[in-house]
Each structure stands twice: as structure tokens, then as C-alpha cells.
Amino acid sequence: QVQLVESGGGLVQAGGSLRLSCAASGTIFSVNGMAWYRQAPGKERESVAGITRGGSTNYADSVKGRFTLSRDNAKNTVYLQMSSLKPEDTAVYYCFAEVRRPGWPLYSNYWGQGTQVTVSS
């Protein structure tokens, strides 16, 4: 069993900051790529940022220069530091991870339950 547990969402004023965390727990052999996605009301889920096990990152154009993604491989945890938040960043943010379980040859995809981020103007 593998779970992704997210934390750090909440309500913040425009221009403020929030830090999201996502920890993978359970019976884990290794964690490969990790990422954050978001879904605003009435919109499709979109990629926000991703990070490889080696630390290479990529960001959506809409968050470049404002969001920073990092990870702690020892803790199987990924962090999303969000700064200069805008009302259009309001969404449910979902954590994603590629996890390999002991005895399994392949990685499987897992999602967190989502955490609400609301940015007021």
C-alpha cells in the first residue's frame, strides 16, 4: 500500500506565499518522478511542476519564477514553494509520484487526495 499525503494548502492574499508538502509513505522501494498538478473549478487538471529523482525540474509557464519545486529523497517528500500568488492560482493541488514497490519491476503512478489553495484578491 502506498499513500501520498499532502499538506500546506489554505487561504492567502494575493502576493502571499504558501508551501505545499507531499510525502509518499507505505511499502516503497523507490520513488522516481514527483510532481504537482492543479485543477480549478470548471477547468481540466493541469501540470504545475515536476522533478526527477536527480533533481531536474520543469515548470508550467504560468508559475515560472514564482514557484520552486524541491524534494528530499530520504523522506520521499516533495515541496512546492509558492510565492507571489495570484487569484488565478486558486485550485485544488494534487501530488503525483511514480513509485516502485519491493518485488515489483515497474513504477506505478499514485495521486494524493488534493489540497485546496485559495488566493484572495
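The values are calculated or read from the model by the stated rules, or taken from the named source; none is laboratory data. Please read these numbers as outputs of a predicted model, since none were measured by experiment. Cβ placement follows ideal geometry from the backbone for every residue including glycine, while neighbour counts extend to all protein chains displayed. Quick note on the areas: whole protein, heavy atoms, side chains included, nothing else; ligands and nucleic acids left out. Shrake-Rupley method; radii C 1.70, N 1.55, O 1.52, S 1.80 Å.
Filter region 98-116 down to the residues that are of a type in the set (D, E, K, R) and under 12 Å from Met34 (Cα atoms) and list them by number.
If the condition is that a residue be of a type in the set (D, E, K, R) and under 12 Å from Met34 (Cα atoms), then Glu98 is the only one that fits.
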Of all residues in region 42-57 being under 13 Å from the mean Cα position of the chain (by Cα) and not small (Gly, Ala, Ser), the one that is surrounded by the most Cβ atoms within 10 Å (Cβ to Cβ) | Val48
Within region 4-35, tally of residues that are small (Gly, Ala, Ser) and either open to solvent by 40 Å² or more (accessible area, probe 1.4 Å) or without any contact (Cβ under 8 Å) to a residue 12 or more places away in the chain (or both) | 6
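From Ala97, Ala60, which residue is among the small types (Gly, Ala, Ser), within 11 Å of the chain's Cα centre (by Cα) and either modelled with pLDDT of 95 or more or open to solvent by less than 20 Å² (accessible area, probe 1.4 Å) (or both)?
Working: Ala60 fails: within 11 Å of the chain's Cα centre (by Cα).
That would be Ala97, the only listed residue that is among the small types (Gly, Ala, Ser), within 11 Å of the chain's Cα centre (by Cα) and either modelled with pLDDT of 95 or more or open to solvent by less than 20 Å² (accessible area, probe 1.4 Å) (or both).
Just to be sure before I move on: is Asp89 open to solvent by less than 60 Å² (accessible area, probe 1.4 Å) and over 18 Å from Val5 (Cβ atoms) in the structure I sent? If you could, list the steps in order and put the result at the bottom.
Working: open to solvent by less than 60 Å² (accessible area, probe 1.4 Å): yes; over 18 Å from Val5 (Cβ atoms): yes.
Here the answer is yes, as Asp89 does meet what is asked.
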Whichever residue in region 17-41 is at pLDDT 95 or above and part of a loop (DSSP other than H, G, I, E, B) and, among such residues, is nearest to Tyr93 (Cα to Cα) = Ala40
